[in-house]
Amino acid sequence: MAKGMPAIGWAAKDTSGVLSPYSFSRRAQKDDDVTIKVLFCGICHTDLHIVKNEWGNALYPVVPGHEIVGVVTDVGPGVKNFKAGDTVGVGYFIDSCRSCVSCSSGHDNHCPTLVLTCSAVDYDGATTQGGFSDVLVVDKGYVVRVPEGLPLDGAAPLLCAGVTVYSPMMEFGLNAPGKHLGVVGLGGLGHMAVKFGKAFGMTVTVISSSPRKREEAVKRLGADAFLVSQDPEQMKAAAGTMDGIIDTVSAGHPIVPLLELLKPRGQLVVVGAPSTPLQLPAYAIIGGGKRVAGNLVGSVGSCQAMLDFAAKHGITADVEVVKMDYVNTAVERLERNDVRYRFVIDVAGSQLGAAA
């Protein structure tokens with residue numbers, strides 16, 4: 001059996017979520033594998049849930065990170081579409097069954113046996129470890145090309161936050177010029193939805209519980225309007241005006257008031273993941289034939305299309321770049337929503353430290 005590749009990352013060892021240096025092995029490169037030197041990795045809210053086992057599925061020790069941009073250092077003999085020196089990305093998952101209905105129809109992100117990039121069990125039985133590390137080995141089918149011209153630090157969050165909003169916008173027709181899009185929440189996902197909506201030529205309204213974000217939404221990000229969800233008069237005035245809404249909020253919140261903002265046959269897409277159940281009475285969707293859908297990131301093909309669109313329109317995430325030794329502080333700040341709008345770790349520029 002071929003010897004694995006030594007790697008070093010930062011891992012959480014228990015539910016405290018505190019990360020520290022950790023040595024482990026990547027699998028030996030297979031014929032269809034791409035070996036990647038990690039340059040940048042975003043810190044997603046999902047990473048916070050995983051390292052603290054808030055979803056009950058952490059496999060400790062866990063190296064988080066699934067918004068990965070790096071450079072190819074080697075490829076297996078079966079890889080023809082990538083070569084050493086290429087700039088590439090890896091997102092939320094690194095494999096799927098490739099034979100189910102979802103995989104066969106280009107929706108591999110909905111595969112029932114999807115292999116997540118970190119804290120999951122690969123098909124060979126190994127525990128997956130993510131991008132808070134120096135090297136990654138991934139099958140060629142789950143690697144995307146990062147177009148020239150995209151700043152690599154700002155491109156990293158596109159691999160999750162970007163595709164999570166872009167994919168349902170494309171699927172549900174929320175990409176047509178002149179349509180009215182509501183964006184609930186102005187965080188890592190929300191600010192990307194605003195940017196894509198404006199690039200599609202849509203009218204974009206940000207919906208937030210905090211009036212303090214009005215200037216940020218309208219003047220800096222270019223939203224057309226701002227709606228305070230706690231203001232009954234504003235919500236009443238906006239009722240029935242929106243073609244679709246992307247709900248990015250990860251904390252529990254009522255969705256019936258959001259459905260009232262939709263036009264008849266309007267579409268609400270939930271992409272945030274609150275830990276408490278959504279309350280959806282039947283009357284809220286029966287009247288007007290309104291629809292509610294969820295979305296988990298996007299397929300590999302959708303992710304590549306999103307990156308190409310982002311490069312064409314100059315879209316990247318707004319980021320705060322940090323070194324790996326700041327990661328625990330960054331996680332604490334993320335927990336308080338104290339970031340505009342995504343932390344990105346400069347992995348290649350960090351001293352990863354002695355393994356613990």
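The set of residues from the range 116-145 being of a type in the set (Gly, Ala, Ser) and either within 15 Å of GLY298 (Cα to Cα) or open to solvent by 20 Å² or more (accessible area, probe 1.4 Å) (or both) comprises GLY125, ALA126, GLY141. Cβ-Cβ distances below 7 Å connect the following pairs, each with a first residue in the range 272-296 that is of a type in the set (A, V, I, L, M, F, W, C), a second residue that is open to solvent by less than 70 Å² (accessible area, probe 1.4 Å) and modelled with pLDDT under 95, and a separation of six or more residues or different chains: ALA273/SER250.
Every residue, every condition in (1) under 21 Å from ILE286 (Cα atoms); (2) touching a residue at least 24 places away in the same chain (Cβ under 8 Å); (3) hydrophobic (A, V, I, L, M, F, W, C), yes or no:
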position	(1), (2), (3)
ARG212	no, no, no
GLU215	no, no, no
PHE226	no, no, yes
ALA238	yes, yes, yes
ASP243	yes, yes, no
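Of a type in the set (A, V, I, L, M), open to solvent by 40 Å² or more (accessible area, probe 1.4 Å) and either farther than 30 Å from GLU320 by Cα or outside the structural domain of LEU189 (by the TED database) (or both) - does that describe any residue in the range 8-15? No, because not a single residue in the range 8-15 is of a type in the set (A, V, I, L, M), open to solvent by 40 Å² or more (accessible area, probe 1.4 Å) and either farther than 30 Å from GLU320 by Cα or outside the structural domain of LEU189 (by the TED database) (or both).
Take the conditions open to solvent by less than 20 Å² (accessible area, probe 1.4 Å), in a loop (DSSP other than H, G, I, E, B), touching a residue at least 60 places away in the same chain (Cβ under 8 Å) and in contact with a helix residue (DSSP H, G or I) (Cβ under 8 Å, 6 or more places away or on another chain) and apply them to GLY353. Does it pass? Taking the combined requirement at face value, the residue does not satisfy it. Scanning the range 88-115 for residues that are open to solvent by 40 Å² or more (accessible area, probe 1.4 Å) and within 20 Å of LYS30 (Cα to Cα) yields CYS97, ARG98.
On the stretch given as the range 72-87, residues that are of a type in the set (Asp, Glu) and either open to solvent by 70 Å² or more (accessible area, probe 1.4 Å) or within 20 Å of THR117 (Cα to Cα) (or both) total 1. The listed residues are GLY65, GLY70, and the only one of them that is over 21 Å from ALA251 (Cβ atoms), of a type in the set (Gly, Ala, Ser) and outside any loop (DSSP other than H, G, I, E, B) turns out to be GLY70.
The values are calculated or read from the model by the stated rules, or taken from the named source; none is laboratory data. Being a predicted model, the structure only gives us computed values, none of them experimental. All Cβ positions, even for glycine, are placed from backbone atoms using ideal geometry, and neighbour counts span all protein chains on display. Heads up: the accessible areas ignore ligands, DNA and RNA and are worked out on the full protein's heavy atoms, side chains in. Shrake-Rupley method; radii C 1.70, N 1.55, O 1.52, S 1.80 Å.
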